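The values are calculated or read from the model by the stated rules, or taken from the named source; none is laboratory data. None of the values given here were measured: they were computed from a predicted structure. Reconstructed Cβ throughout: ideal geometry from the backbone, glycine too, with neighbour counts over all protein chains shown.
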Amino acid sequence: MEDLNRVKPRVEKLRAEINRHNYLYYVLDSPEISDAEYDDLMRELKELEAKYPQFLTPDSPTQRVGAAPVAAFGVIEHPLPLLSLGNAFDKDELISWYNRTAKLLGKAQFDLVCEHKIDGLAVALTYVDRQLTTGATRGDGFRGEDVTQNLRTIRSIPLSVPREAPPRFEVRGEVFLPRAGFHKLNQERAAEGQPLFANPRNAAAGSVRQLDPRITAKRPLDIYIYALGYAEGKATPSSHWESMKYLKSLGFKVNPNNRHFGRIEQVEDYYHSWEKEKECLPYEADGIVVKVDSLEWQDSLGSVGHEPRWAIAYKFPAVQGTTRLVDIGISVGRTGTLNPYAILEPVAVGGVTIKQAALHNEDDIRRKDIRIGDTVIVQRAGEVIPEVVAPVKSKRSGKEKEFFLLEKIYDKDKKRPACPECRAEVFRPEGEVMYYCSNAACPTQVQQRLEHFTSRGAMDIRGIGESQSAMLLKEGLVKDIADLYYLKDKKDVLLKRERLAEKSVSNMLSAIEKSKDRPLDRLIFALGIRHVGDEMAEILAGEFHSLDKLADASREQLTSIPTVGPKIADSIIAFFRQEANRDIIKRLKAAGVRLEEKAVRPKEQSLAGMEFVITGRLEGFSRAEAEARVKALGGTTGSSVSQKTTYLVVGADPGSKLARARELGTKQLTEAEFLHLLETAK
């Protein structure tokens, strides 16, 4: 788990750079860097997101598969999130996914659909009364750019569909540039003196995000539809395979290389056949996508984090290259981990220029016998951060130097190893491989904790991202997370800051105020306790019902909880033992942040055995608050409607879950009926 934190400083820098260059390139059409340099930044960020799931907080760029929605296009909310896929890089990982899925389904065998994972841009197309009404990019998964006019120029996208189509439905597809079109486009750009696109994905994204649809129309974009997002008003097939055949009958372009299989062994054969022949394809593909065929089973499997359990990307083999290891740097993670990383002579691997790569930890460096100055093998595997695989010992000159972390960070003035950011003392817990900065107030850690605390999956304080966090800390307006709740007393100072207008400041302060009543599990997760993710936070909240009680819990009390082991227990105890953290909690309480929740006695669990699913926007409370109230009364919540769903709570602007509920005969509740049920269930 410690490895997950070491790349965060690099992520912070990438966020600002990518957001700025997205705006310059896609909105102003005035790039300051080459497409190859831009692609290097974007891919590095994506690789970090895929390799290090600790950074997958909903409001962070680590959740963005593409760029954040650009206001110049207009923003479209996705009724159902466009999730990203988990990855398998070898047969063992594929089989592990299959076995986990089989266990969850209670089925030893189930039908699968295999598709090529095309390197393009994911889009969602919505049709109402037979007409294409909107087209949106994936964006951050929850909201995308409205690129309807640009997508209308792609001739393989039907502008209208037959009468047999549902009154309202959404399809999802991958817009791409065929290899021939990509090379032709680059030739034209070279002739015009413009920077070249690094790869077809970047070219497709740039083409779709042109503000002038006439530019998009000149580019030979194509699309393959890969899913039916939702459909209302008419029954649709119950399997993914039949859905694809159905969409093809409506005029959508479906990849003819898709296949339907009954056994996992057939998936392996499909994968290996295309691994050998992928260069013959008219488009770029970096692997295959394997999906559970039954849509009902997809619903029951749901998702974990922001990845569906019912699908996985099985990537083609990694691409490797060799270069010189110039030096080994040290970064500081959110929990204080000191993380070594490789500083490389730039090398092109798989079409991407790599300048830094993962080294994991000092023990791993020693085990691989990697030395500064070595010629090393660098590996990329799909959307994964590059890593140093091994040294090429035959090329050693004898001048290479062994790496010792404590020597690297040795402070001659203090006569001891020190944190490279704040110069505080470092330590290595017994039984662990990572060294830590001992200073909870270390500036790098503080900024990362502040971003984590305000993130959507934690306290959900809108308006405080990376740039605002950095500004608040730099200006001395906050020193820790508790200080956020006292910013209202500094409104006049905030208004004097550049780019902070009256409305943005008011919105920020309003969001901070609203966050005071977040559920206890969200607060526990937001504190950033090492080894405590969102699921563990929910378990701890359900067990202790109070942050003060959790803070005072003994090791025996914590380890008596089935899912809490000694490592987690010790981490919780260590967190609350720090006086700085105790002080933060006192000030959170003084500011009015809710630190407890009602403990429900067993006899009050009147919703036990019931599952609730929510669709649409609720007016009285947030979805998280609604789900917390259900759980407080013994009920459970789901992300999709299935046979086991007891009630579908229908808010404003409901999505496809409503059609699914009607199809299954699931009972629906209005928000008023839902509130009445909660009140009478007490």
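Filter segment 338-357 down to the residues that are more than 23 Å from Asn202 (Cβ to Cβ) and crowded, with 24+ Cβ neighbours inside 10 Å and list them by number.
Leu338, Asn339, Ala342, listed by residue number.
A quick yes/no check of all residues on (1) surrounded by 18 or more Cβ atoms within 10 Å (Cβ to Cβ); (2) part of a loop (DSSP other than H, G, I, E, B); (3) of a type in the set (Val, Ile, Thr):
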{"site": "Ile365", "(1), (2), (3)": "yes, no, yes"}
{"site": "Ile370", "(1), (2), (3)": "yes, yes, yes"}
{"site": "Val378", "(1), (2), (3)": "yes, no, yes"}
{"site": "Ile385", "(1), (2), (3)": "yes, yes, yes"}
{"site": "Ser397", "(1), (2), (3)": "no, yes, no"}
{"site": "Glu407", "(1), (2), (3)": "no, no, no"}
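Any idea which of (1) touching a His at 6+ places or on another chain (Cβ under 9 Å); (2) closer than 14 Å to Ile568 by Cβ is the one His531 doesn't satisfy?
Condition (1) is where His531 drops out.
This table checks each residue for (1) outside the structural domain of Ala205 (by TED's automatic domain parsing); (2) buried (at least 22 other Cβ atoms within 10 Å of the Cβ); (3) under 17 Å from Gly206 (Cβ atoms).
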position: Arg143; (1), (2), (3): no, no, no
position: Arg152; (1), (2), (3): no, no, no
position: Leu159; (1), (2), (3): no, no, no
position: Glu164; (1), (2), (3): no, no, no
position: Pro167; (1), (2), (3): no, no, no
position: Gly173; (1), (2), (3): no, yes, no
position: Phe176; (1), (2), (3): no, yes, yes
position: Arg179; (1), (2), (3): no, no, yes
position: Lys184; (1), (2), (3): no, no, yes
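Check Val446, Val505 and return the single one that is of a type in the set (Val, Ile, Thr) and closer than 28 Å to Tyr341 by Cβ.
From the options Val446, Val505, the qualifying one is Val446.
Please determine, by comparing only the residues of segment 279-296 that are over 28 Å from the mean Cα position of the chain (by Cα) and free of Cβ contacts under 8 Å to residues at least 60 places away in the same chain, which one is nearest to Trp97 (Cα to Cα).
Of everything passing the filter in segment 279-296, Glu279 is nearest to Trp97 (Cα to Cα).
Taking Ala203, is it surrounded by 18 or more Cβ atoms within 10 Å (Cβ to Cβ) and touching a helix residue (DSSP H, G or I) at 6+ places or on another chain (Cβ under 6 Å)?
Here the answer is yes, as Ala203 does meet what is asked.
In segment 644-680, which residues are in contact with an Asp or Glu (Cβ under 6 Å, 6 or more places away or on another chain) and in a loop (DSSP other than H, G, I, E, B)?
Lys644, Thr645, Thr646, Gly651
I'm trying to understand the selection: among the residues of segment 86-109, which are closer than 20 Å to Ser294 by Cα and either surrounded by fewer than 17 Cβ atoms within 10 Å (Cβ to Cβ) or among the acidic types (Asp, Glu) (or both)?
Ile95, Ser96, Asn99, Arg100, Ala102, Lys103, Leu104, Gly106, Lys107, Ala108, Gln109
Being modelled with pLDDT of 95 or more and in a helix (DSSP H, G or I), is that true of even one residue in segment 222-233?
No; the residues of segment 222-233 include none that is modelled with pLDDT of 95 or more and in a helix (DSSP H, G or I).
Could you say whether any residue in segment 371-392 is farther than 27 Å from Phe316 by Cα, polar (S, T, N, Q), in contact (Cβ under 8 Å) with a residue 12 or more places away in the chain and not assigned by TED's automatic domain parsing to the domain that holds Asn202?
Within segment 371-392, none of the residues are farther than 27 Å from Phe316 by Cα, polar (S, T, N, Q), in contact (Cβ under 8 Å) with a residue 12 or more places away in the chain and not assigned by TED's automatic domain parsing to the domain that holds Asn202.
Going by the structure shown, is Pro340 more than 27 Å from Gly431 (Cβ to Cβ), outside the structural domain of Ala203 (by TED's automatic domain parsing) and either of a type in the set (A, V, I, L, M) or within 32 Å of the chain's Cα centre (by Cα) (or both)?
No; evaluated as a whole, the condition is false for this residue.
Quick check: anything in segment 113-128 free of Cβ contacts under 8 Å to residues at least 24 places away in the same chain, among the polar types (S, T, N, Q), closer than 30 Å to Gly251 by Cβ and touching a Ser or Thr at 6+ places or on another chain (Cβ under 8 Å)?
No; the residues of segment 113-128 include none that is free of Cβ contacts under 8 Å to residues at least 24 places away in the same chain, among the polar types (S, T, N, Q), closer than 30 Å to Gly251 by Cβ and touching a Ser or Thr at 6+ places or on another chain (Cβ under 8 Å).
State whether the residues of segment 651-661 include one that is outside the structural domain of Leu80 (by TED's automatic domain parsing) and in contact with a helix residue (DSSP H, G or I) (Cβ under 6 Å, 6 or more places away or on another chain).
Checked against the condition, which is being outside the structural domain of Leu80 (by TED's automatic domain parsing) and in contact with a helix residue (DSSP H, G or I) (Cβ under 6 Å, 6 or more places away or on another chain), segment 651-661 yields at least one hit.
Just one of the numbered conditions (1) within 25 Å of Tyr283 (Cβ to Cβ); (2) under 24 Å from the mean Cα position of the chain (by Cα) is not true of Thr153; which one?
Thr153 satisfies every listed condition except (2).
Would you point out the residue of segment 498-528, among those that are in a loop (DSSP other than H, G, I, E, B) and within 23 Å of the chain's Cα centre (by Cα), that is nearest to Ser571 (Cα to Cα)?
Gly528
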